[in-house]
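A.B. asks: A single structure is presented below for examination.
Computed from the coordinates by the stated procedures, all read-outs in this text should not be read as laboratory data. In this text, all values refer to a predicted model and were calculated from it rather than measured experimentally. Heads up, the Cβs are rebuilt from the backbone with ideal geometry, glycines too, and the neighbour counts pull from every protein chain shown.
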Amino acid sequence: MLAGSREAAPILRRVLVVEDDGLFGLMLHHRLAEHCAPSLATTLHQAKALLMQHSFSGFLVDVELPDGRGTDLLPAIRAVNAEVPIVVMTGMDTAESSRDALTYHAFFVEKPLPYGWLDSFRTWLERPSAGAHSLALSLKLMGLTERECAVFVELARGASADEVGYRLGVSVGTVRSHTAHVYEKLRVTNLTEVLAKACGWA
């Protein structure tokens with residue numbers, strides 16, 4: 001065989017997993033290792049150190065860490081790369097975490113992770129631009145009206161029903177009516193589930 005005729009080995013994308021649950025973190029590391037080159041951090045401090053040392057193609061970030069919130073990493077990640085795939089994972093504090101994820105164009109997923117999440121993450125790693133989306137566009141593609149989209153964009157930003165009504169020039173009753181109709185339309189029960197669907201994880 002002539003020198004240089006061998007097929008080049010595929011370049012594995014480096015992925016940072018930030019997860020303090022030892023067993024869960026090892027499971028993610030094991031599954032990602034089939035197609036990626038994962039690194040595992042169990043604290044916010046470790047994750048920040050790895051960010052300084054390496055360039056990553058994707059991130060899986062738990063929210064509650066022993067020394068802080070994983071979402072504190074998002075501004076630093078986005079400052080370097082506007083399209084790199086980020087998945088925010090949590091089993092609690094879902095409303096605030098989902099808003100943080102949307103702010104920094106990350107996917108948000110509640111634990112236990114939904115079926116098929118890894119395939120979606122791999123697709124995003126291969127085509128980073130596929131993850132760039134606006135909440136309003138996602139909601140519109142899900143079948144919401146312009147007014148319903150406006151209501152849920154405001155709710156995702158942390159506004160109360162009273163504040164949404166004031167900003168949009170409608171009554172609180174109208175806001176609640178829109179909210180209830182969207183929940184029924186999407187077959188969900190709360191804002192977190194709407195945001196999860198908008199991010200493509202439900």
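A.B. asks: Which cross-chain or sequence-distant (5 or more) residues have an amide H under 5 Å from the amide H of L65, H modelled 1.01 Å from N in plane?
C.D. replies: Answer set, sorted by chain and number: G70.
A.B. asks: Same structure, new question: Count charges around A150 for me, please; just the other residues with Cβ under 12 Å from its Cβ, Lys/Arg as +1, Asp/Glu as -1.
C.D. replies: The answer is +1.
A.B. asks: OK, next. V18's amide H: which non-local residues (gap 5+, or another chain) put their own amide H closer than 5 Å, with H modeled 1.01 Å from N in plane and none for Pro or chain starts?
C.D. replies: Residues meeting the criterion, in which the H sits 1.01 Å from N, are A41, L60, V61, D62.
A.B. asks: Just to be sure I understand the model, the point goes 7 Å from the Cα along the line to the Cβ. What's the resulting A180 to L50 distance in nm?
C.D. replies: 4.7
A.B. asks: A further question on this structure: Pop a pseudo-label 7 angstrom from the Cα along the beta-carbon direction at both E163 and A76 and give the gap in nm to one decimal.
C.D. replies: About 2.8 nm separates the two model spin labels.
A.B. asks: Leaving out same-chain residues fewer than 8 places away, which aspartates and glutamates sit with a Cα under 14 Å from that of K197?
C.D. replies: Hits, sequence-local ones excluded: E110, E184.
A.B. asks: Tell me whether segment 9-79 comes out rounded, prolate or oblate; compute the Cα gyration tensor, take square roots of the eigenvalues as a ≥ b ≥ c, and use a/c under 1.5 as the rounded threshold.
C.D. replies: oblate
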